[in-house]
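Structure, as structure tokens:
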Amino acid sequence: MVCLPGDGIGPEVTAAAARVLRSLPLELTLEDYPFGGRAIHELGDPLPEETLSACLAADAVLLGAVGLPEFDGAPVRPEQGLIRLRGALDVDANLRPTTGDDVDLLIVRELVGGLYFGASGRRADGSAFDTCEYSPGQIERVARRGFEFARERRGLLTSVDKANVLETSRLWREVVSGLAADYPDVRLEHLLADTAGLQLVQDPGRFDVLVTENTFGDILSDVAAGRCGGLGLAASASLGDAGPGIFEPVHGSAPDIAGRGVANPAAMLRSVALLLRYAAGEPELAAALERSVDDALERSPTPDLGGTAGTVEFTEAVLRSLDRAAA
Ligand code: NAD
Ligand code: IPM
Ligand code: MN
């Protein structure tokens, strides 16, 4: 497996992930490659050729986070490497689960289309342009994932768009509605993105699976995380039809707390659990790790949750809990 620690707290939380992965009864190799701001400094490119080929050949990619304040406004930016990597691996379905008291929802964020990938952003005559583009095939692919997850869960799929304003959203709604007949066991509803934000704050427990375009999914997954314990807990898995998935926390490089040893590694460790489930075919280990992370959150919470445990202390609490469960 390839590991891309990246920037800021990325290396701090990936160190926790590597420690936990090595403690598990699994045959795996984890090789670090340069990525993000560090790679720009060392090699002039946030996604160097060698890193991209290693990712393309890997079983899975474990990713920390990218982004450094010194690149704000720079022409070559760490985040460009992340977008290119997602495109190159064609991981169209980004799963972002949120759980909490009476909340168990899954956002399926389209990850390789929409505003992020439309005809390249540019400036002309002093104005700036970004284009939102979707083909029916792109929408169908991610929507089917949404239906399939809903079918395995509680049977409700909420498709989120801005069909009252945007042409891409009207196409989105048409395509999603056209698939509903293939999934008679799933109840499909459509919700406008602003209302979805409101309801995620007011009544997140009413949702099961949400499927939405790239930008709405980015924003709404932070909203859902903010309502249920914060970004220190939010994991993600990005899957394509074939080839390796990317497993990364929803959060960024958190420059405000980087280097202090206080980052909550739970989001990363839950992303490792998703890797075990979706890439390694180890659902039982995945569930055991999720239980141990929950256990450590009870016993040794980090400062973002009002506790005092540092990253290493939290990781050791997870390792102890895994040991107890295995005994
Ligand atoms: P951020 O997610 O890095 O941080 C937002 C807030 O959440 C900060 O206060 C931070 O301290 C807190 N936080 C985040 N993760 C935490 C954790 N594990 N434990 C405790 N607290 C945590 O978002 P930002 O500050 O807007 O962005 C910083 C940089 O990260 C930017 O360059 C941005 O582009 C980048 N970014 C990268 C990714 C990614 O690599 N996938 C995701 C989001 C943002
Ligand atoms: C995320 C991040 C990225 C995104 C940025 C860093 C490019 O916010 O993974 O949620 O917008 O997709
Ligand atoms: Mn985001």
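Using a 1.4 angstrom probe with every protein chain in place, what is the largest-first accessible-area order of His41, His251, His190? Write down the numbers at each step before the final one.
On the way: His41 120, His251 20, His190 60 Å².
The most accessible residue leads, giving His41, His190, His251.
Given the chain, what percent of its DSSP beta bridges are antiparallel, to the nearest 5? Before the final figure, lay out each step's value.
On the way: 16 of 39 bridges.
The antiparallel proportion sits near 40 percent.
What part of the accessible area of the chain, given as a whole %, is carbon or sulfur when the probe is 1.4 angstrom? Write down the numbers at each step before the final one.
Values: 7150 of 14210 Å².
It is 50 percent, rounded to a whole number.
Quick one, could you list the DSSP H helices from the chain stretching 15 Å or more along their long axis (Cα atoms) with average Kyte-Doolittle hydropathy of 1.0 or above? Walk me through the intermediate numbers first.
Details: long enough: 10-23 (20 Å, 0.24); 78-89 (17 Å, -0.06); 136-152 (24 Å, -0.97); 167-179 (19 Å, -0.28); 214-227 (20 Å, 0.11); 266-278 (18 Å, 1.20); 283-299 (24 Å, -0.36); 311-326 (23 Å, 0.16).
Taking the DSSP H segments of the chain (at least 15 Å long, mean hydropathy at least 1.0), we get 266-278.
Which of the peptides 230-238, 214-222 is most tightly packed, and how do the rest follow, going by the mean number of other Cβ atoms within 10 Å of each residue?
On the way: 230-238: 23.3, 214-222: 20.3.
Ranking the peptides 230-238, 214-222 by packing returns 230-238, 214-222.
Separation of segment 19-79 and segment 293-308 by C-alpha centroid, Å?
Rounded to whole Å, the Cα centres lie 27 Å apart.
Is segment 137-176 rounded, prolate or oblate when judged by the Cα gyration tensor, a ≥ b ≥ c being the square roots of its eigenvalues, rounded requiring a/c under 1.5 and prolate requiring a/b larger than b/c? The partial results should precede the final answer.
Working: a/c = 3.97, a/b = 1.83, b/c = 2.17.
Oblate shape, in that a/c is at least 1.5 and b/c is the bigger or equal ratio.
Kindly provide the helix-only [θ] at 222 nm of the chain, computed as the sum of -39,500 (n - 2.57) over DSSP H runs of four or more divided by all residues, to the nearest 500 deg cm²/dmol? Let's see the in-between values first.
Details: 11 runs with 142 residues, N = 327.
Calculated at 222 nm, the ellipticity per residue is -13500 deg cm²/dmol.
Among Leu85, Leu106, Leu171, whose Cα lies farthest out toward the positive end of the dipole of the chain, if unit charges sit on the beta carbon of Lys, Arg (+1) and Asp, Glu (-1)?
Leu106
Just want to confirm a number: the relative contact order over the chain, from Cα pairs under 8 angstrom separated by 6+ residues, in percent. Intermediate results must be reported in sequence, preceding the final value.
Numbers: 672 pairs, mean separation 66.4, N = 327.
Relative contact order for the chain comes out at 20 percent.
How high is the relative contact order of segment 100-161, given as a whole-number percent (alpha carbon pairs under 8 Å, six or more residues apart)?
On the way: 41 pairs, mean separation 15.8, N = 62.
Relative contact order, segment 100-161: 25 percent.
How would Glu148, Glu248, Glu49, Glu42 rank on accessible area, largest to smallest, probe 1.4 Å?
Working: Glu148 85, Glu248 10, Glu49 130, Glu42 110 Å².
In descending accessible area the options line up as Glu49, Glu42, Glu148, Glu248.
Under Stokes-Einstein, with the Kirkwood radius over Cα pairs standing in for Rh, what whole-number D in µm²/s applies to segment 130-285 at 37 °C and 0.692 mPa s?
Values: Rh = 17.0 Å.
Taking Rh from Cα pairs, D becomes 194 µm²/s.
When you count, for each residue, the other Cβ atoms within 10 Å and take the mean per peptide, how do 65-71, 170-176, 193-199 rank with the highest first? Don't jump to the answer; show the numbers that get you there.
Values: 65-71: 20.7, 170-176: 18.9, 193-199: 16.3.
The packing order, highest mean first, is 65-71, 170-176, 193-199.
How big is the charge dipole of the chain about its Cα centre, in debye rounded to the nearest 20, if each Lys and Arg gets +1 on its Cβ and each Asp and Glu gets -1 on its Cβ?
Details: 29 positive and 50 negative charges, 69 e Å.
The dipole of the chain has a size of about 340 debye.
With the Cα gyration tensor of the chain giving a ≥ b ≥ c as the square roots of its eigenvalues, does the rule (a/c under 1.5 for rounded; else a/b larger than b/c for prolate; else oblate) give rounded, prolate or oblate?
On the way: a/c = 1.59, a/b = 1.18, b/c = 1.34.
Oblate shape, in that a/c is at least 1.5 and b/c is the bigger or equal ratio.
Write down the percent of antiparallel bridges among all DSSP beta bridges whose residues are both part of segment 158-269, to the nearest 5.
On the way: 2 of 9 bridges.
Of the beta bridges lying entirely in segment 158-269, close to 20 percent run antiparallel.
Tell me the per residue accessible area of the chain using a 1.4 Å probe; a whole number in Å² is fine.
Details: 14210 Å² over 327 residues.
Dividing the accessible area of the chain by its residue count gives 43 Å².
Of the candidates Asn94, Asn164, Asn264, which one comes out as most mobile in a Gaussian network treatment of the chain with C-alpha springs shorter than 10 Å?
In this elastic network of the chain, the residue with the biggest mean-square fluctuation among Asn94, Asn164, Asn264 is Asn164.
The values are calculated or read from the model by the stated rules, or taken from the named source; none is laboratory data. This structure is a prediction, so every number in the text was calculated from the model and none was measured. Note that each Cβ is placed from the backbone with ideal geometry, even for glycine, and that neighbours are counted across all protein chains shown. Just so you know, the surface numbers come from the protein's heavy atoms only, side chains and all, with ligands and any DNA or RNA stripped out. Shrake-Rupley method; radii C 1.70, N 1.55, O 1.52, S 1.80 Å.
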